[in-house]
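Structure first, then comments.
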Amino acid sequence: MTDEFDVVVVGAGPAGENVAGRVVRGGLSAAVVEEELAGGECSYWACIPSKALLRPVELAAE
């Protein structure tokens, strides 16, 4: 394993995942840096309708 990468992607949301995938398919190495949720918040809370309906209940419970 090396600590050198051709591309460093900041953010693992939908766009970051897409960029990293294209970079790797193109034969380069990539590192993805994400502080919170891999896949971005969309996959967990906001964009998918069923998740959007469940999130307010989870927030109220907190």
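The values are calculated or read from the model by the stated rules, or taken from the named source; none is laboratory data. If you're wondering where the values come from, they're calculated on a predicted model, not measured in any experiment. Here the Cβ positions follow ideal geometry from the backbone for every residue, glycine too, while neighbour counts run over all protein chains shown. Accessible surface areas use protein heavy atoms only, side chains included; no ligands, DNA or RNA. Shrake-Rupley method; radii C 1.70, N 1.55, O 1.52, S 1.80 Å.
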Only one of 10, 32, 19, 23 is out of contact with any Lys or Arg (no Cβ under 9 Å at 6 or more places or on another chain) and open to solvent by 80 Å² or more (accessible area, probe 1.4 Å), namely 10
Residue 57 vs (1) modelled with pLDDT of 90 or more; (2) open to solvent by 80 Å² or more (accessible area, probe 1.4 Å); (3) β-branched (Val, Ile, Thr): all pass except (1)
Exercise. Going by the structure shown, is residue 40 modelled with pLDDT of 90 or more and at positive phi?
Worked result: no
Per the list (1) assigned to a helix (DSSP H, G or I); (2) at pLDDT 90 or above; (3) of a type in the set (A, V, I, L, M, F, W, C), residue check on residue 5 breaks on (1)
